[in-house]
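Quick note: the coordinates plus some simple rules give every number you see, no bench work behind them. Bear in mind the structure is a predicted one, so any value in this text is a computation, not a measurement. Don't worry about glycine lacking a Cβ; one is built from the backbone with ideal geometry, like all the others, and counts go over all protein chains shown.
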């Protein structure tokens, strides 16, 4: 019997209620010369029964079953060893492939023998199937662009992949030790032996929901993906990773440390911070990377108490250096100014003075802000122009007054 041209592999673990749509999206492909190999990884819901129902109706389905949960990487490797097709297509059990996905990918790989892996742009959907527009995915297609951006940018979606089967054998499949970051690790190892490309069309519906790995294990996944990038750099560059690349990787580790700290995972936060300083020891001498990552974090995930958060991070995760002490003051400047406006609204004149002084000390360019001058003078009982009025903390911190922002002035004077 002639093997099918395409082997679609699927790892299933408690995939209801999305499993039916995922399987049907493969069986209804315009490319019919395929086998669908699915492994149930110890599910405790109705996933196995549903897979059996499908297999009884379509002979192209091959089923495997683990008696207990072994994890995505080990289960996927079991499935990959059973694949017979020239091309192996990945399919997650909660996602959907559009009808022409496999056909277009087979056509592309047949016409581009130098490309070993082809993905597609994903269309992100929510638990109900509604489209999510702001996904953060960078839509790149050219192999050179992907090669340059993959380590630091989300521009290749693993679930959309179709891979030449001999390449999977060459790199050894998934690494079980990289569970939750195994997809990034595999993509990077493949990128070291072949070219990757994306079809510039949204041929895969990627579902985001509360039970997905990227939601339940977000920080651990971020750490392992950064570790996969570090290992890739070491394989490509030896032990001497270029400083520019090491600095960007340090940023990834620092972001993970901040998020893990915010979620209460102190062990992962400490490991991530240690990794950041291992990649870029100069962080402790300059502080620029710390400020850059922390400012982005505070704007995207504003904590209830920024003062306590900053104090805890600098105490528990960062070394005690003069440069980082200055960075701490800079990072607290904006929260202090916002607190000064809140103190004014509450009639707390001493609070206004204390927070305003700390904010200006942390970032002297606040002195160029008209609203800050107004706040300080009026808190002292002094008038500030005939049309003086109070400015909300949100308006002051967001706009930082008229004209050039203090941070822009910082850049101009640096």
With Cα springs under 10 Å, the Gaussian network model of the chain assigns the largest mean-square fluctuation among 137, 368, 108 to 368
Antiparallel %, DSSP beta bridges [both residues in segment 6-216], to 5: 25
Taking Cα atoms only, helix 101-111 is inclined relative to the longest principal axis of the chain by an angle, in degrees rounded to 10, of 80
Starting from the Cα of residue 108, move 7 Å in the Cα-to-Cβ direction to define the label point; list residues of segment 150-193 whose amide nitrogen is under 14 Å from there. 155-164
Which whole-number percentage describes the relative contact order of the chain, with Cα contacts under 8 Å and a sequence gap of 6 or more? 11
On a 0 to 90° scale, report how tilted helix 288-300 is relative to the longest principal axis of the chain, with both axes built from alpha carbons and the result rounded to the nearest 10. 80
Quick check on segment 185-230: take the gyration tensor over C-alpha atoms, sort the square-rooted eigenvalues as a ≥ b ≥ c, and tell me if it's rounded (a/c under 1.5), prolate or oblate. oblate
Taking square-rooted eigenvalues a ≥ b ≥ c of the alpha carbon gyration tensor, is segment 6-216 rounded, prolate or oblate, where a/c under 1.5 means rounded and, failing that, a/b exceeding b/c means prolate? rounded
Sorted from fewest to most neighbouring beta carbons within 10 Å, what does the list 132, 163 look like? 132, 163
Helix-only estimate, please: 222 nm mean residue ellipticity of the chain, summing -39500 (n - 2.57) across DSSP H runs of length 4 or more and dividing by its residues, to the nearest 500. -16000 deg cm²/dmol
Just to be sure I understand: of the beta bridges DSSP finds with both ends in the chain, what percent are antiparallel, rounded to 5? 25
Can you tell me the relative contact order of segment 234-320? Whole percent, Cα pairs under 8 Å, sequence separation 6 or more. 29
In nm, to one decimal, how far is the residue 142 label point from the residue 100 one, both placed 7 Å along Cα→Cβ? 2.4
Taking square-rooted eigenvalues a ≥ b ≥ c of the alpha carbon gyration tensor, is segment 260-317 rounded, prolate or oblate, where a/c under 1.5 means rounded and, failing that, a/b exceeding b/c means prolate? oblate
Could you give the length gained on full extension between residue 308 and residue 350, defined as 0.36 nm per residue of separation minus the Cα-Cα distance, in nm? 13.1 nm
Relative contact order for segment 121-211 using alpha-carbon pairs under 8 Å, separation at least 6, rounded to a whole percent? 50
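Please arrange 330, 209 by how many other C-beta atoms lie within 10 Å of their C-beta, fewest to most.
With the fewest neighbours first, 330, 209 line up as 209, 330.
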For 45, 305, order by how many other beta-carbon atoms lie within 10 Å, fewest first: 305, 45
Which angle between 0 and 90 degrees, to the nearest 10, do you get for helix 370-379 versus the longest principal axis of the chain when only C-alpha atoms count? 50
